[in-house]
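Scroll down for the structure; my scribbles are underneath it.
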Amino acid sequence: MSPQSTGLVSPLVTEPSSASAKAKSGGCGCSSSATVEMDEKLKERIATHPCYSEEAHHHYARMHVAVAPACNIQCNYCNRKYDCANESRPGVVSEVLTPEEAAHKVLVIASKIPQLSVVGIAGPGDPLANPEKTFRTFELIADSAPDIKLCLSTNGLMLPEYIDKIKQLNIDHVTITINMVDPEIGAMIYPWVHYKRKRYRGIEGVRILHEKQMEGLQALKEADILCKVNSVMIPGVNDQHLPEVNKMIQQYGAFLHNIMPLISAPEHGTHFGLTGQRGPTPSELKELQDKCSGKMKMMRHCRQCRADAVGLLGEDRSQEFTKAKIADSPAVYDLEKRQEVHAGIEKFREELQLAKQTVETNHSQSHSQKILVAVATKGGGLVNQHFGHAKEFQVYEVDGKEVKYVGHRRVDLYCQGGYGEKATLEHIIQAIADCKAVLVAKVGEEPKGKLQAAGIQPVEAYDVIEKVALEFHAQYVK
Ligand code: CLF
Ligand code: SF4
């Protein structure tokens, strides 16, 4: 199919001029979950946060500064000693920074990547097990880069102690990782907890952790700080239990729930990796997320970032900004330029929204058959990446009128310096085997044939994701 293009080109994602430009677009609803009422003020608070807003993650970047090496608990899925630049999972980091080095890095990156909107501290240990370093870093950033949002991710053990400090520093987004509300289940995840100079093993420690997590969640709500809860889905351990976690965190006032798959492999050296504990399949994960998405907003676009991640959520540019590479870069903070770039993004988002509404009107089909489609995108809410250049495919569920983001599938690059890798192509096809189409800017003849043979229709376009997806759906149901 050759869909008409909306002509939208993201201000931050450039593409060769061959990209055409014409008509209209649509399907709104790429919201990450069931419709949850949100007032204008709340929308504004999350509008540029790439994790709290699925829509924002196409346009705005985040970075993590790894200033917090110590941790006060042990999770059976964590081994912070392991580091590989190609590995992207929480806890993993190439180098730890001092608060001063971290603040310098933020200024350098904020000028090089002006769409940076959020700085988070997420490890490599627990930020609140390293309170001086964490809060000093936030203070330095707030002083020199006042327009950047501050974000914190913690296991929650020390959260009740630091609510006032968090509020005082204007940290408006806090994540707690809550994997259980039943300590019996928690005992299969946490072998020990170190609380106030004492180590508690087994269920005794898990009880303290659970109490502090719930206390912290409630205190965040009372302090009007937005709280996201991350939960790691561990098949056979807490997968059946997470709906109960979802229910309880809702009652305690969490804003968003992010259920992530366990990442587990023997070479990570974690307890779960070494004991052969598997992670969930994409369909198991989606089923659980769907089950929990009743009244609460679910996050489905998490990329399980490294503790030193930099860039849009789907990309990791951390290796471009190592200590050695930025040591001599000047820390110049051009607030005016950043504001100009953000204004450009907002203008583009408005146009994108209008285009989506038009398509929604034009595509209100009665046919509600749901299908999955995979999308190659470099951001901007557009189909704008070549098949061979994709390191991940975003997966959308499409019916006659709605296009809903449901997850992403990481893959190896197919195009290796001008030629395609046969084995890689097979893996990519396996990764998106449940999709009826793959929407790409371009695809070569070889992969095109193999995709078609596997029942996945390659669709070439350069346009708004929702528009291309809805047009394919219309054609598919015919
Ligand atoms: Fe970082 Fe986390 Fe803040 Fe985002 S990440 S501290 S809320 S700025 Fe985002 Fe990364 Fe998922 Fe975290 S994609 S792992 S949810
Ligand atoms: Fe690792 Fe984070 Fe668990 Fe600490 S809380 S053990 S850093 S995953």
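The values are calculated or read from the model by the stated rules, or taken from the named source; none is laboratory data. All values derive from a computational prediction rather than experimental measurement. Glycine also receives a Cβ, built like all others from the backbone with ideal geometry; neighbour counts cover every protein chain displayed.
Residues that are modelled with pLDDT of 90 or more and hydroxyl-bearing (Ser, Thr, Tyr) were ranked within the range 275-288; the one that is surrounded by the fewest Cβ atoms within 10 Å (Cβ to Cβ) is 275. Entry remark, the range 119-146: residues being out of contact with any helix residue (DSSP H, G or I) (no Cβ under 7 Å at 6 or more places or on another chain) and surrounded by fewer than 21 Cβ atoms within 10 Å (Cβ to Cβ) number 6 in total. Within the range 148-201, the residues that satisfy the criterion of being more than 16 Å from ligand 2 (Cβ to nearest atom) and touching a strand residue (DSSP E or B) at 6+ places or on another chain (Cβ under 8 Å) are 148, 149, 150, 166, 169, 170, 171, 172, 173. The number of residues in the range 311-338 that are within 24 Å of residue 142 (Cβ to Cβ) and part of a loop (DSSP other than H, G, I, E, B) comes to 10. Looking across the range 262-274, the residues that are among the hydrophobic types (A, V, I, L, M, F, W, C) and surrounded by fewer than 17 Cβ atoms within 10 Å (Cβ to Cβ) come down to 265, 274. Number of residues in the range 126-147 that are within 19 Å of residue 220 (Cα to Cα) and either within 16 Å of ligand 2 (Cβ to nearest atom) or at pLDDT below 95 (or both) equals 6. Contact annotation: residue pairs with Cβ atoms under 6 Å, 6 or more positions apart or on different chains, pairing a residue in the range 301-314 that is basic (Lys, Arg) with a partner that is within 10 Å of ligand 1 (Cβ to nearest atom) and assigned to a loop (DSSP other than H, G, I, E, B), are 303/313; 306/88. Among the residues making up the range 425-441, a single one is surrounded by fewer than 23 Cβ atoms within 10 Å (Cβ to Cβ) and touching a Ser or Thr at 6+ places or on another chain (Cβ under 9 Å): 434.
Modelled with pLDDT under 50, surrounded by 15 or more Cβ atoms within 10 Å (Cβ to Cβ) and under 19 Å from residue 394 (Cβ atoms): is that true of residue 56 in this structure? When the stated conditions are applied, residue 56 does not pass them. If you filter the range 271-304 down to residues that are basic (Lys, Arg) and assigned to a loop (DSSP other than H, G, I, E, B), you find that the one that is nearest to ligand 2 (Cβ to nearest atom) is 303. Restricting the first member to the range 446-465 and to residues that are over 29 Å from residue 349 (Cα atoms) and in a loop (DSSP other than H, G, I, E, B), and the second to residues that are basic (Lys, Arg) and modelled with pLDDT of 95 or more, the beta-carbon pairs closer than 8 Å and six or more apart or on different chains are 455/436; 456/436. State which residue is farthest from residue 236 (Cα to Cα) when the search covers only the range 255-270 and only residues that are in contact with a helix residue (DSSP H, G or I) (Cβ under 6 Å, 6 or more places away or on another chain), free of Cβ contacts under 8 Å to residues at least 60 places away in the same chain and not in a helix (DSSP H, G or I). The residue in question is 257.
Taking the criterion of being farther than 27 Å from residue 275 by Cβ and either touching a Phe, Trp or Tyr at 6+ places or on another chain (Cβ under 7 Å) or outside any helix (DSSP H, G or I) (or both), the residues of the range 208-237 that qualify are 214, 217, 218, 221, 223, 224, 225, 226, 227, 228. Quick check, is residue 123 farther than 18 Å from residue 267 by Cα and at pLDDT below 90? Criteria met by residue 123. Being modelled with pLDDT under 90, among the small types (Gly, Ala, Ser) and touching a Gly at 6+ places or on another chain (Cβ under 6 Å) is a condition met by at least one residue of the range 253-274.
Which of (1) modelled with pLDDT of 95 or more; (2) away from ligand 1 (no atom under 13 Å from the Cβ); (3) farther than 30 Å from residue 240 by Cβ does residue 151 not meet, given it meets every other one? Checking residue 151 against (1) modelled with pLDDT of 95 or more; (2) away from ligand 1 (no atom under 13 Å from the Cβ); (3) farther than 30 Å from residue 240 by Cβ, the one that fails is (2). The requirement of being free of Cβ contacts under 8 Å to residues at least 40 places away in the same chain and more than 27 Å from residue 304 (Cβ to Cβ) is fulfilled nowhere in the range 177-194; no residue meets it. Put simply, of 356, 370 the only residue that is under 29 Å from residue 258 (Cα atoms), surrounded by fewer than 18 Cβ atoms within 10 Å (Cβ to Cβ) and within 26 Å of the chain's Cα centre (by Cα) is 370.
Does residue 107 satisfy the criteria of being at pLDDT 90 or above, under 22 Å from residue 313 (Cβ atoms), aliphatic (A, V, I, L, M) and in a loop (DSSP other than H, G, I, E, B)? For residue 107, the condition - at pLDDT 90 or above, under 22 Å from residue 313 (Cβ atoms), aliphatic (A, V, I, L, M) and in a loop (DSSP other than H, G, I, E, B) - is not met. Checked against (1) touching a Pro at 6+ places or on another chain (Cβ under 9 Å); (2) in contact (Cβ under 8 Å) with a residue 24 or more places away in the chain; (3) over 23 Å from residue 64 (Cα atoms); (4) surrounded by fewer than 16 Cβ atoms within 10 Å (Cβ to Cβ), residue 165 passes all but a single condition, namely (3).
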